[in-house]
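Read the structure below first, then the notes.
The values are calculated or read from the model by the stated rules, or taken from the named source; none is laboratory data. Being a predicted model, the structure only gives us computed values, none of them experimental. Here Cβ is always computed from backbone atoms with ideal geometry, including for glycine, and neighbour counts include all displayed protein chains. For the accessible areas, the whole protein counts, side chains as well, though only heavy atoms, and no ligand, DNA or RNA atoms are used. Shrake-Rupley method; radii C 1.70, N 1.55, O 1.52, S 1.80 Å.
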Amino acid sequence: MDVGKNVGGYTKPVLVGLLVVIMALVPLAANNYYLSTLVVIGLNTMVVVGLGLLMGYAGQISLGHAAFFGLGAYASAIIATRYHVPPILGIVLAAVVTGLVAYLIGRPTLKLKEHFLALATLGFGIIIHIIFNEGGEFTGGPSGLTGIPYLGEGVFPLDNDFKFYYLVWVFTGLTMLFAHNLVNSRVGRALRAIHGSEVAAETLGVDTAKYKLQIFVVSAVIASLAGSLYAHYVTFISPSPFGFKTSVELVLMAVIGGLTSIWGPLLGASLVVVLTEALKVVIPMIIPNAGGEFEIIVFGVILVVVMIFLPNGLTSMPGVIRDKLEARKEATWALGEELPGELAVAPRPAELAPSLSTDLEVK
């Protein structure tokens, strides 16, 4: 029996099914604090999935993705509170608005390369954050917007952590499934070709500008959807969650989890969110009156360690361990330490020295 085929064909779906069952049963044993943490992990996972498609597969850097997250939240909140549009329709309209903004920004911006592109997206994120702050009554200014209705209000209101948990993770699962299908399609192959070499991709007939713009818009729309869900979950938004710090955290989640893995965003978001909550408790115990700068230091250290030892993210760890074990096994067999029967008497390196010197003398 082909074990590798068995693992790829049967074990993976079983593990995914087991994970779905566990996630479905978690709310039955968790309190509101843990449920809210899991909701935040789900929302971050959605954003990072889109960011992974853009950075990991298309090779385009974005340091302003929190702006799209915020645009979805603000657009949905404004549509619902100012114009009294049903929240579900507001989420769709917010996604359309965010997609249009991403299209208009992406057309000139994506012509830039590497750090120039990073600086352009960084500038875009800062501009959007300033608009949120200086929008006056329209955006609520620094005080933010209040009175955002719950989803399903009047019919089946999603007004607690238990209900919203299932909604968020259904959307998260669908987002991951969409990303999985996308990267295994013709579009995914084109994105990987662009990441490898834009010149080579264009030589093969790939319209690099079109695909880069499309994945940029798709990534922005996914972030917008997560932002809208966030707004209707907390029912209050302000500019602070959508600044540069959030953009950096999203990139951190993507890099730590693995940019070229569908499961990387889930792992990266879980680690960063859980570690953030833990540091809020641990750091004040070690350093009284400490601020949030120590969290940044910890995450910086984690990022450096991951980039040195696991440049492809934590999802590559099983493969790295397997490769090391196989290399060690091959080295062991080469030394004859585990060879069966008469083959086990292979000469040790010390015994090979005379024969090597003799060969040299003969030559």
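Values for this structure:
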{"read-out": "Förster radius 22 Å - calculated FRET efficiency between I131 and T276 (Cβ-Cβ, nearest 0.05)", "value": "0.25"}
{"read-out": "Accessible-area composition of the chain, carbon plus sulfur, in percent [1.4 Å probe]", "value": "69"}
{"read-out": "Positive-end residue, the chain charge dipole about Cα centroid, Cβ charges, pick of L279, L35, I302", "value": "L35"}
{"read-out": "Listed residue (N160, I237, G258) projecting farthest to the positive dipole end of segment 159-266, Cβ model", "value": "G258"}
{"read-out": "Per residue value of the accessible surface for segment 77-139 (all protein chains in place, 1.4 Å probe), Å²", "value": "59"}
{"read-out": "Residue-normalised accessible area of segment 165-234, given per residue in Å² at a 1.4 Å probe", "value": "45"}
{"read-out": "Charged-residue dipole, Cβ positions (Lys, Arg, Asp, Glu), segment 148-262 about Cα centre, Debye nearest 20", "value": "320"}
{"read-out": "Spatial separation of Cα centroids for segment 36-63 and segment 138-214, in angstrom", "value": "8"}
{"read-out": "Cα-based helix-to-principal-axis angle, 87-109 vs the chain, degrees rounded to 10", "value": "60"}
{"read-out": "Burial order of peptide ranges 224-232, 241-249, 83-91, 110-118 (average beta-carbon count within 10 Å, highest first)", "value": "224-232, 241-249, 83-91, 110-118"}
{"read-out": "Helical contribution to [θ] at 222 nm, DSSP H n ≥ 4, -39,500 (n - 2.57), averaged over the chain, rounded to 500", "value": "-23500 deg cm²/dmol"}
{"read-out": "Angle in degrees between helix 349-362 and the longest Cα principal axis of the chain, rounded to the nearest 10", "value": "60"}
{"read-out": "Estimated inter-spin distance, A331 and V26, nm [label 7 Å along Cα→Cβ]", "value": "3.9"}
{"read-out": "For segment 11-55: rounded, prolate or oblate by the Cα gyration tensor [a/c cutoff 1.5]", "value": "oblate"}
{"read-out": "Taking the chain and dividing mean pair separation by its residue count, relative contact order in percent (alpha carbons under 8 Å, at least six apart)", "value": "26"}
